[in-house]
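Novice: Before I ask anything, let me first share the structure, which is written out below as structure tokens.
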Amino acid sequence: MKDNLAELLTNIFATSGHSVSESDTVDLIIEKNGTKTYIKLTTQPDISEINSFAAVVKDNIGLYVTLEKMSAEMCDYATHIGLITWDRDELAFQIGKAVIADLEGNTSDLELVAYDVKKHHHEELPAQTPDMSSSCEDTEIWDSNNVEPAAPATNKPGFNIWRTSPEMQKAETNNDFIQYEHPQRTAQESAPAPTMMKEPQSQMPFTLDLHTAPIKLQKDRAIAMARSDIGMPKDVVLKFVPYWRYAYAVKAEHRFKNKVVDISGQGQGCLNALNGNREQIELQQVNDSITLPDDSYEIKSQMFDQQEAETTLLSEIIEEYTKDVRFSNVVREAMISEHKIFKPTADDIRFNIELVYVPIWEVKGSRNSIEINAYTQKILTEPVDDDVEFI
């Protein structure tokens, strides 16, 4: 299967003006306009293989191609260390683009790898690479000392799966967690008024000042992904949906007679500010502005304010970490069992929360529509608001 993939890519790159050669260190090397790209082919993505390939490529352009779907976490990590990734979906898109270009006779103008992208300047990574099987309990709490791995200088601090928070290290060592305090509200935290511009005045790109995750899935890709479910699209809308991004750490210790009950843990996630649903969206990159191809977009107005979100989340976290412990004791040859409920309080929870917008493509068909997260590039199984009629 790997040999068939190599042959297919060789034909595609050759017809688009690349010279293709084999190598002892990588699977293929392509060159166009004096720029080389090293290609690694694999049937299934592997984090150790990604690291090894990045070490071989070093400061050159590296393209990692896999026949399986890559997780968002693994894809972000590969991008962070300087690689271009084509997983199953991206590979299908690129092959389809090449076939269409061949039918139209435009293969010489086909751009499969962007050579005009500036070289990445990466910060040094810790020796430990992310564990792709870890749960949200293993993800560190974000705070003001964390720096986004792939974010511009204007980014605010956020979650970071490759760093450990100094505060968390200190807390775990000293059992001294920062107590929960309600954040002070400012005028900047107020949600923007809902805006819809249906008739763009210009098709020139422009910058929107909004605390949002970036768009990683472009409009044409979203249409291609939705077409198999809804047929020919009638309209495509870019929506910015508000989420309350939160992270927490729980540390509590209770004593009952001669027993010690420890309650501890941590987690993160997002609370949809439209419908109140908790979702496990890992936003590794959040910017204070975003560049849009035109001025056609919609900003959704939040239905849950910060205080309501905090109350809901703290209540659910307390319930999640409540323990019903059963104790057994022998008194005069009689076995006596009893149970007691232990739960953390708000003072036992270190809690951070902020309002973040997530770009969502809504592709509308003749009878229904489908929504795709433009950041995670995943098709949504549940609507983000009540205005969508899902398939």
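The values are calculated or read from the model by the stated rules, or taken from the named source; none is laboratory data. No experiment lies behind these values; they were computed from the predicted model shown. Because the Cβ atoms are built from the backbone with ideal geometry, glycine has one as well, and the counts that use them run over all protein chains shown.
Novice: Got a sec? Which of Thr107, Thr43, Thr10, Thr35 is among the β-branched types (Val, Ile, Thr), modelled with pLDDT under 85 and farther than 26 Å from Ile215 by Cα?
Specialist: Answer to the check: Thr107.
Novice: If you take just the strands (runs of 3 or more DSSP E) that sit entirely in the range 2-82, which of them hold at least 2 residues that are surrounded by 15 or more Cβ atoms within 10 Å (Cβ to Cβ) and touching a strand residue (DSSP E or B) at 6+ places or on another chain (Cβ under 9 Å)?
Specialist: 28-32, 35-42, 61-66
Novice: Look through the range 312-324, keep the residues that are surrounded by 15 or more Cβ atoms within 10 Å (Cβ to Cβ) and within 18 Å of Glu354 (Cα to Cα), and return whichever of them is nearest to the chain's Cα centre (by Cα).
Specialist: Among those residues, the one meeting the criterion is Leu313.
Novice: Here's a follow-up. Between residues in the range 1-20 that are touching a residue at least 60 places away in the same chain (Cβ under 8 Å) and residues that are assigned to a helix (DSSP H, G or I) and surrounded by 14 or more Cβ atoms within 10 Å (Cβ to Cβ), which pairs lie under 6 Å by C-beta distance while being six or more apart or on different chains?
Specialist: Ile12/Ala98; Thr15/Thr107; Ser16/Thr107
Novice: Across the range 255-311, what is the number of residues that are assigned to a loop (DSSP other than H, G, I, E, B), more than 17 Å from Leu238 (Cα to Cα) and more than 22 Å from the chain's Cα centre (by Cα)?
Specialist: Selection size over the range 255-311: 5.
Novice: State the number of residues belonging to the range 54-74 that are farther than 15 Å from Leu5 by Cβ and touching a helix residue (DSSP H, G or I) at 6+ places or on another chain (Cβ under 9 Å).
Specialist: 5
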